[in-house]
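Novice: What follows is a single structure, and I will ask about it in a moment.
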Amino acid sequence: MTKRPTVRIRMYNVGFGDCFLVTIPAKDRPRLILIDCGTHPSSTGKYRAERDTVPLLLKDLQEEYGALRLDVVAASHRHKDHVSGFANEAFHKVEVGEVWLPWTENRDDQTATHLRERMGLVTEQLDTARAAAFNLDSEAVEAAAAVIDNNFALRNQAAMDMLWDGFRGDPKHWYISAPAEPKTTAVLPGVKIHVLGPSKDEATIRNLEPPAEETFAHLAAMGGDLENGPQPFDEGWSIQAEQFAFSALRVSEETQARIRRLAEEDLLAAAASLESSINGTSLMFVLEVGGLLLFFPGDAQWGTWKAVLEDPVARDLLKRTSFYKIGHHGSHNATPSGFVDEVMSSKAWAAISVANVKRWPSIPLDELVEGIRNRKVNLVQSDLPPAAESVPNVTVREDRSVDFIFELQELPMA
Amino acid sequence: MKAQRVQEYSQFSGLQTDYGTERPNRRRLRIFALDPLTRTASNPGSLRVTIDVPNEDVESGPSGGRLRVIDYDGSLNRYYAPVDLDEAPLLMQDGLDPTESDPRFHQQMVYAVAMRVLENFERALGRTLHFKDNKPLEIYPHAFRGENAFFEPTLNAVLFGYFTASLTDPGENLPGQTVFSCLSHDIIAHEVTHAILYRLRPYFSEPTNPDVLAFHEAIADIVAIFQHFTFPDVLRDEIQTHHGELKAHGVLLGLAKQFGHGTGKSDALRSAFDERKPDASDYRSITEPHSRGSLLVSAVFDAFFVGYQRRIRDVVRLATDGTGQLPEGDLNSDLVAIMASEAGAAAQSVLLMCIRALEYLPPVDPTFGDFLRAIVTSDRDLYREDRWGMRAAMIEAFRVRGIYPDGVRSLAEDSLLWQARGIGPDGPPLPDAAPWETQAMPPLPDRDLIASLFASIVLGDDPEEALQGSQAERPSPSAEERRAAAPILQGYAKANARRLGFDPELPIALTGFHPTSRVGSTGRIITDVIAQFVQNLPVSEEESERLGGLRLRRGATVIFKQTGKVGYVITKPLHLEEKIEAGRELRSLAMIQRHVRSLDDDDDEAMWRDPAYFKVRMLERANFAMLDRRRARR
């Protein structure tokens, strides 16, 4: 009996981050797609993409396929937990056929360039405000600092440069925007790519626009040097709180505390909003190989999801899908409950790539995990892989990676 | 000084009035009309107006019986000098001259506008309002630096922020100018309305369906925008400028212009006039609370426009020799004055209509459809004949936006009225299959008690005092009468638990009751007692977390007539199982869970917060500070 050709999805353990290598069989040689390679700065996992995973990945390529070659590198969006690994210079040695990026990364696109610049600027301003005015001993501020860090484009530049022009082989760049007709490419014979996001319509672009600078300008003015900070009225209209004589008009301590907390919440909200803007640029696509459908949504947000769930064609594709990468490490806002309850196909496989970070106990969200399992979907978490050989079609390599194996009827044909 | 003067005067025993000791009814105070950016065609500078508010004893602050302005700046940890409105120079010239540079004027303006809002509510509700525990609502005009202003229920306080206008896109502000949210009439009215609505219906800040938070926002916007029509100068100017057409995108219908401009929006924050044609799918598709609230606001304004057109039709015909076509060029100033006064009257009547309806809502889980039924019922109680066709206009405006009350058979006025029946097959409340009780609700057994409650509001405990008191000081029932009434009302609910949609096995709380009196179109005084009952369902810790901290509550509002008969019952049953009857899904736990999940889907912040936050995320989403922050950002 001849063995049937198989598609393999390898989920590397990068901690709180994503790194997937998809191997697709072909007549001459297998084709390889790398989807994301990054670890969150706050990840507490044992391995980090840039330090541990890249060497392992390169070793795997060399040993299994005898060449440092990837047919496609897809980076879903420019967050560290998806791209930090590309800052590893070893990638210069890798020959790449095509690079897939969201349209927002196109340096020749004015709208995209504007958005990127704004996002970069906002991150820096937010970080400056945080450093100037807030103590790290508050939970909200600490969380905000971690979120801001993940968005730092400046400290992320090396990774983006690699994706733009660092690989060997002068790869073609495909800047993806939805909606688009299903696409094929010469580097992946027999593979059809269904693009679901990010959209480039005006409403989406408006949503991607990060918070206006003024929205948090006040954060920088909070705290810091109170005495010499900007005052809304001329000198002499106000006095220090301790000296105020009108006892009937004294502020309560609760009110004081509430006002202090307000600024911290504003900071976190601004950081979360920025994070979500960039998540909103995520690539979302389905790979179709010989009837097998594999779904990679990046960290797409509700805007992209909403459009997808309302589109009968996309819905139908997702109902027939065999492998779902779960967005944003299993947090609640990257996988709508309507998708889990109504669309996910039972008997399919799903993967959450995550490491528990103490500060974010709701990632992954228990309820989501439970919801997926209730749908009879086989769910694997990168930080809690099943025991080796315990599940058919899944191969576990200690705590380094998990392989999902899917059989095809025949070799995919171009 | 004063005592001596009283003594000196006492020698004139025949004096009919003593202006030295008798309190004037009203206090006049100057404010910026709308905000410092508001200009009209004939007023190129900032428009200032003088408004009058009920006069009361005020200390420095101003600090009165129900409002206390505290000018503490939390960002700087400083206090600003408080104003004393009773100082002679201020009494003589209607308070301080409007200016952005004197914090004491800011205090005066927040006080004046907040008092105006309070008065509007009291006039409509026919009773005096007190905030929780009889403590004044605290108002912080410069609480913090930031683009926000919000009501904080736990502090019983409204906090206003100030910020620096955009350097690159300040709109009509100077770049980098300080914008004070407390100088916006609309923001003050909006936030104070939140506070009052929270007082009237505390559970309306528990978002158990997509309408709840939107409703809070809508009422706050409605009060803020309709109050624009109480400024005659602005009104006349706008009518002249827009040739009698109020729908034009003008000063009157925009909300918080300066705030909108200051944040780089080059427009008012929101407008009552929706330029798009209303679409029946809007109600299904628009979910963000402020935008969804705007649907309700624009529906109410549609009804107002209809009323206004009807009111001016005759005078326009008179002025145009029967053609009804206004000529080109400026309008005759008498005509403008009449049109303005009709617009003002129409606005006031719609505003009162909306506020009165609040009493006719269930204590929990309101929907826009409930509000329509409440408007129709409460208005018909007072004005059976609907002279200007406002109810019909209101029903139509809701219909074209796809807002239908749940469980009514048609949109005819009769079908929309709340009923005096216990809930029937339309709203089965309980897990066990009890026979539906559809007969009329029995009257309250102890009618004397109701009569004494009424006597207390119509006459007051001290008839002398009641006759002197102004409307705002109408006495409320004494503590003693309240204590006597409570067990009787509670007993009523227990005896009729099923008919009110409650589980008879679980406790039922009387969460509020008060008599109310209003003058109907026939000149008769109409008095009702309105009681609210709430039943809490036990919830496991796990379920509570899944619901983001929401409690499961059933509720019923019962309106008793003077005779003790039941006028209306307005119930909110809650099923633990999903239930569909006659093609309609009944209110159930599953519905609430779905709503929680839909908000989770679109929340980009909750996951970064600490676990304690996640457990109460639904309550936090209703947190006004957070809501209004989102408004600023989107």
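Taken together, the values in this text are just the output of simple stated rules run on the coordinates, not laboratory data. In this text, all values refer to a predicted model and were calculated from it rather than measured experimentally. All Cβ positions, glycine included, derive from the backbone under ideal geometry; neighbour counts span all protein chains shown.
Novice: Report, as an integer, the average count of C-beta atoms from other chains found within 10 Å of each Cβ along A:236-247.
Specialist: Taking all residues of A:236-247 together, the mean is 5.
Novice: Kindly write out, for segment A:48-61 in residue order, the coupling ³J(HN,Hα) from the Karplus curve 6.51 cos²θ - 1.76 cosθ + 1.60 (θ = phi - 60°), rounded to whole Hz, with x marking Gly and Pro.
Specialist: Values per residue, Gly and Pro as x: 10, 4, 5, 8, 10, 7, 4, x, 5, 4, 5, 5, 4, 4 Hz.
Novice: Let me ask something additional. So for the pair B:Arg380, A:Glu89, with labels modelled 7 Å out along Cα→Cβ, what separation do we get in nm?
Specialist: 8.2 nm
Novice: Another question, then. Full extension from B:Thr50 to B:Glu172: what is 0.36 nm times the residue separation minus their Cα-Cα distance, to one decimal in nm?
Specialist: 41.5 nm
Novice: Taking the Cα centre of the protein assembly as shown as the origin and placing charges on Cβ (Lys, Arg +1; Asp, Glu -1), which of A:Gly166, A:Trp237, B:Leu574 is farthest toward the positive end of the dipole?
Specialist: The Cα lying farthest towards the positive end belongs to B:Leu574.
Novice: To the nearest whole number, what is the average tally of beta carbon atoms from other chains within 10 Å of the beta carbons of peptide A:256-267?
Specialist: 6
Novice: Another question, then. Take every Cα-Cα distance within chain A, group them into 20 Å bins from 0 onward, and report for each bin the whole-number percent of pairs it holds.
Specialist: Histogram of Cα-Cα distances, whole percents per bin: 26, 54, 16, 4, 0.
Novice: Please list the non-local residues whose amide H lies under 5 Å from the amide H of B:Arg48, H modeled 1.01 Å from N, same-chain partners needing a gap of 5 or more.
Specialist: B:Ala33
Novice: Can you sort B:Arg380, A:Arg31 so the residue with the fewest Cβ neighbours within 10 Å comes first?
Specialist: With the sparsest Cβ surroundings first, the list reads B:Arg380, A:Arg31.
Novice: For all pairs of alpha-carbon atoms in segment A:323-414, what percent lies in each bin of width 10 Å, listed from the first bin to the last filled one?
Specialist: 15, 45, 31, 8, 1
Novice: Right, here's the next one. How would you rank B:531-541, B:196-206, highest first, on the average number of other Cβ atoms within 10 Å across their residues?
Specialist: B:196-206, B:531-541
Novice: Still on this structure: Taking R0 as 51 Å, what's the FRET efficiency between B:Glu505 and B:Arg317 from their Cβ-Cβ distance, rounded to 0.05?
Specialist: E between B:Glu505 and B:Arg317, to the nearest 0.05, is 0.20.
Novice: Please state the charge dipole magnitude for the protein assembly as shown, taken about the Cα centre, from unit charges on C-beta atoms (+1 on K and R, -1 on D and E), reported in debye and rounded to the nearest 20.
Specialist: Once rounded to the nearest 20, the dipole reads 2480 debye.
Novice: Additional query: Counting only residues 5 or more places away or on other chains, whose amide H sits under 5 Å from the amide H of A:Met284 once H atoms are built in the peptide plane?
Specialist: Amide H neighbours of A:Met284: A:Leu196, A:Gly197.
Novice: While we're looking at this one, here's another question. Excluding residues fewer than 8 places away in the same chain, name every one of the lysines whose C-alpha is closer than 17 Å to that of A:Lys183.
Specialist: Candidates past the 8-residue exclusion: A:Lys172, A:Lys192.
Novice: Treating cross-link reach as a plain straight distance, find the lysines whose alpha-carbon is under 19 Å from the alpha-carbon of B:Lys247, omitting any fewer than eight places away in the same chain.
Specialist: Cα-Cα hits under 19 Å: B:Lys257, B:Lys277.
Novice: Sort out for me the Cα centre separation of segment A:336-408 from segment B:165-212, rounded to whole Å.
Specialist: If you average the Cα positions of each part, the centres end up 44 Å apart.
Novice: Let's see if you can work this out: charge +1 on each Lys and Arg Cβ, -1 on each Asp and Glu Cβ, no other charges. What is the dipole magnitude of segment A:296-408 about its Cα centre, in debye to the nearest 20?
Specialist: 60 debye
Novice: Using the Karplus curve 6.51 cos²θ - 1.76 cosθ + 1.60 with θ = phi - 60°, what ³J(HN,Hα) values do you get for each residue of segment A:367-382, in whole Hz, with x for Gly and Pro?
Specialist: 5, 5, 4, 5, x, 5, 5, 4, 7, 6, 8, 7, 9, 10, 9, 4
Novice: Place a point 7 Å from Cα of A:Asn374 in the direction of its Cβ. Which residues in segment B:584-607 have their backbone N less than 18 Å from it?
Specialist: Those under the cut-off are B:588-602.
Novice: List the residues, sorted by chain then number, that are 5 or more residues from B:Val83 or on another chain and whose placed amide H is less than 5 Å from its amide H.
Specialist: B:Gly61
Novice: Taking every pair of alpha-carbon atoms in the protein assembly as shown, give the share separated by more than 50 Å as a whole percent.
Specialist: Percentage above 50 Å: 32.
Novice: While we're looking at this one, here's another question. Take chain A, connect every pair of alpha-carbon atoms lying under 10 Å apart with a spring to form a Gaussian network, then pick out the residue of A:Asn279, A:Asn378, A:Asn13 with the largest mean-square fluctuation.
Specialist: Result: A:Asn378 has the largest fluctuation of those listed.
Novice: Explain nothing, just compute: Karplus ³J(HN,Hα) = 6.51 cos²θ - 1.76 cosθ + 1.60, θ = phi - 60°, for every residue of segment B:364-374 in order, whole Hz, x for Gly and Pro.
Specialist: Each residue's phi maps through the Karplus curve to give 9, 6, x, 10, 4, x, 4, 5, 4, 4, 5 Hz.
Novice: To make sure I understand the rule: partners must be lysines, Cα under 29 Å from the Cα of B:Lys561, and not fewer than 8 residues away in the same chain. Which ones qualify?
Specialist: Reachable lysines: B:Lys132, B:Lys494, B:Lys572.
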